[in-house]
1. Which one is surrounded by the most Cβ atoms within 10 Å (Cβ to Cβ) among residues in region A:158-207 that are within 14 Å of chain B (Cβ to nearest Cβ) and not in a helix (DSSP H, G or I)?
2. Identify, by number, the condition in (1) aliphatic (A, V, I, L, M); (2) in contact with a Leu (Cβ under 6 Å, 6 or more places away or on another chain); (3) more than 20 Å from B:A153 (Cα to Cα) that B:V21 doesn't meet.
3. Checking B:S15 against (1) surrounded by fewer than 17 Cβ atoms within 10 Å (Cβ to Cβ); (2) under 22 Å from B:E165 (Cα atoms); (3) polar (S, T, N, Q), which single condition isn't satisfied?
4. Just to be sure I understand, how many residues within region A:1-55 are of a type in the set (S, T, Y), over 24 Å from B:G138 (Cβ atoms) and within 11 Å of another protein chain (Cβ to nearest Cβ)?
5. Write out, first by first residue and then by second, each pair whose Cβ atoms fall under 7 Å of each other, whose residues are 6+ apart or on separate chains, and whose first residue, in region A:327-343, is farther than 23 Å from A:P164 by Cα while the second is not in a helix (DSSP H, G or I).
6. Quick one: how many residues across region B:98-115 are surrounded by 19 or more Cβ atoms within 10 Å (Cβ to Cβ) and either facing chain A (nearest Cβ under 10 Å) or modelled with pLDDT under 95 (or both)?
7. If A:Y302 passes every condition in (1) under 20 Å from the mean Cα position of the chain (by Cα); (2) at pLDDT 90 or above but one, which one does it miss?
8. I need the full set of residues from region B:50-73 which are within 13 Å of chain A (Cβ to nearest Cβ), in contact (Cβ under 8 Å) with a residue 40 or more places away in the chain and in a strand (DSSP E or B), in order please.
Amino acid sequence: MNLRRLWSIVVKELRQLRRDRLTFAMIVGIPTMQLLLFGYAINLDVRHLDAAVLDQARTAQSRELVVTVAQSGVLDFRHAPRTPQELAALLRAGAISAALVIPPDFERRLAEGDRPPLQLVVDGSDQVVQQAARQLAALPLAALRYPAQPAPAGNVEIVNFYNPERRAPVNTVPGLIGVILTMTMVLFTAMAIVRERERGNLEFLIATPVSPAELTLGKVLPFVGIGLIQVSVVLLLGVAIFRVPIRGSLLDVYLASLVFIVASLALGVFLSTLARTQFQAMQMAFFTFLPQILLSGFMFPYAGMPRPAQWLAEIFPMTHFVRLIRGILLRAATLAELWPELAALGAFGAVLLGVSILRTRKRLD
Amino acid sequence: MPSESAPAIVARGLSRRFGAVRAVDSVDLTVARAQVYGFLGPNGSGKSTTIRMLCGLLLPSGGAIEVLGYKIPQQAEPLKRRIGYMTQKFSLYDDLSVRENLEFVAAVHELPPAHARRRVEALLARHRLAELHAQLAGTLSGGEKQRLALAAAVLHEPELLLLDEPTSAVDPQSRREFWDALFALVDAGTTILVSTHYMDEAERCHRLAILDHGRLVADGAPRELAEALPGVVLLIDCDNPRRAQETLANERGVEATAQIGASLRVLAAADAATRARIDAALQRAGIAARIAPTRPNLEDVFVAATRRRPRAEAPPP
């Protein structure tokens, strides 16, 4: 390993990168765009669902109930069908995603309390709507009874420790750092090395004294810096726009990101030793990208996954990073407390980088 | 380390198969130092594959190679410090400037910074790249790219230069300049192995190997090869060279015919019977022709050498 040669490859990469406007724009553009998209669009707090109310009771109490439900803001009553058939038609056509059905004997059911006094019909083809319905099911109907009774206390009190306002960006933005780094780091390196082969530069390079380790590391190092810039962009915007807290140490955030960046770059380098063309490299990058996003716990809870999916998730660097970054940013955890995750990331990076260097031969066959 | 007078390249029984295809088939080569050794052959004759095996980029399927005293492919890494390789396709970075490319190559070869600076300046001046130094390599013309590629290949002052069809995308004027530069390097003691499919370039080499379908079919100085040509070259002057060509095409003993302006150049067996058959065939066809033997040139050598193989494969009944 010759440091001057390694450095010359790094400088060469940076010079090429500076002239590649598209890649250069992607370095800052992708994190910004994704952050705004995910931050604003992904919101599991569902509000203002289009809804209908079928009031078969038509009493003062039933009208009061409709007003109470409407005030919660979850449902917007836009239709008032007269028959259950009309209601079903609206639901099928997608005009509404939920409907409140008040039976003719609503007041008697309310008074006797033996049968559910209300029915909430929901569009089960949409998972999010189902969740919203669950919120409504907790509505304190007892308050509507005459004479008014105190609402019964729940059996379990939920104390939300790290996100009391239940704001979605607080949960999504930290994981988003992982998504953005996975996307850009794997793709950039996978393509950068294959590009060298595709354009014929590699045939010239392997006829010089350059070593596979110098070549691989020289390609990877500039992207480490770029990855850290991206982390900073997401953190800055996350704090400024979405008021995402940084409760742990900033140094820990960057250290965890650094190890994750190296792991992602190692994956990219590894893919580049398999791919023949830039297009293949891109396909492979996406092939690894989707399962990482889906299984890492960023989108769907890890605890709810079947065992084999969990084993698979344990291999992916993003799974460990999502745990690390949520821990540090939201729970003020330290790296010392989260060391198994960091060790897993480090091992992933070291193994793939080592395999890639071994697979890089200074030959054309 | 072997003595300086030992050949730069010695290869024996060099072979390379790609699947069922024998790209290079038992080639024996000896390249002496400080001369230009040419590889002449049509596309797909194994020129590039041979050069790549000589610098250790491809593993031979069989045979032994020694380059500058190093056993290849085992000792390919130390060899790479002492050779310059110019690929067939431009392989420097299109998105780096002329100077940045040279600086990169200098650093890769571990030239000390001060020496590297002097060397880059000298090469920019010698190869008329000084005014283009800030231009991106991708925007250079074919001739300029070729000058840059040569400058990069000789930057670390290699003892042996391997050039794979260096002039294929270059105009005649640039080709002349390029060859002048090659001879200047040879004067300074560099050994050059160059592949080409141009006859005029082949003619300039000190020594020449003709490759055909992966086999070495001729090896020697261009003039020796022409003098040793088995057969004669006849120049047939007549009113209708095209018809004469059609008439003689299938005549036994006629190896090849080519129209040159108003005459027909015929490569034929040297015996009297063949000559008589040619005269008779032209007479039968009613073509009045003046037939005179002429000095064989390299193209005749090439045609004769590359013709031999198909005949050997399908002997006449």
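The values are calculated or read from the model by the stated rules, or taken from the named source; none is laboratory data. Please read these numbers as outputs of a predicted model, since none were measured by experiment. Glycine also receives a Cβ, built like all others from the backbone with ideal geometry; neighbour counts cover every protein chain displayed.
1. Among those that are within 14 Å of chain B (Cβ to nearest Cβ) and not in a helix (DSSP H, G or I), it is A:A207.
2. All conditions are met except number (2).
3. Checking B:S15 against (1) surrounded by fewer than 17 Cβ atoms within 10 Å (Cβ to Cβ); (2) under 22 Å from B:E165 (Cα atoms); (3) polar (S, T, N, Q), the one that fails is (1).
4. So in region A:1-55, the residues of a type in the set (S, T, Y) come out as A:8, A:23, A:32, A:40.
Filter again for over 24 Å from B:G138 (Cβ atoms), leaving A:32, A:40.
Narrowing the set further to residues that are within 11 Å of another protein chain (Cβ to nearest Cβ) leaves none.
So the answer is 0.
5. Filtered contacts from region A:327-343: A:L342/A:L335.
6. Result for region B:98-115: 10.
7. For A:Y302, the failing item is (2).
8. Listed by number, the list holds a single entry, B:V67.
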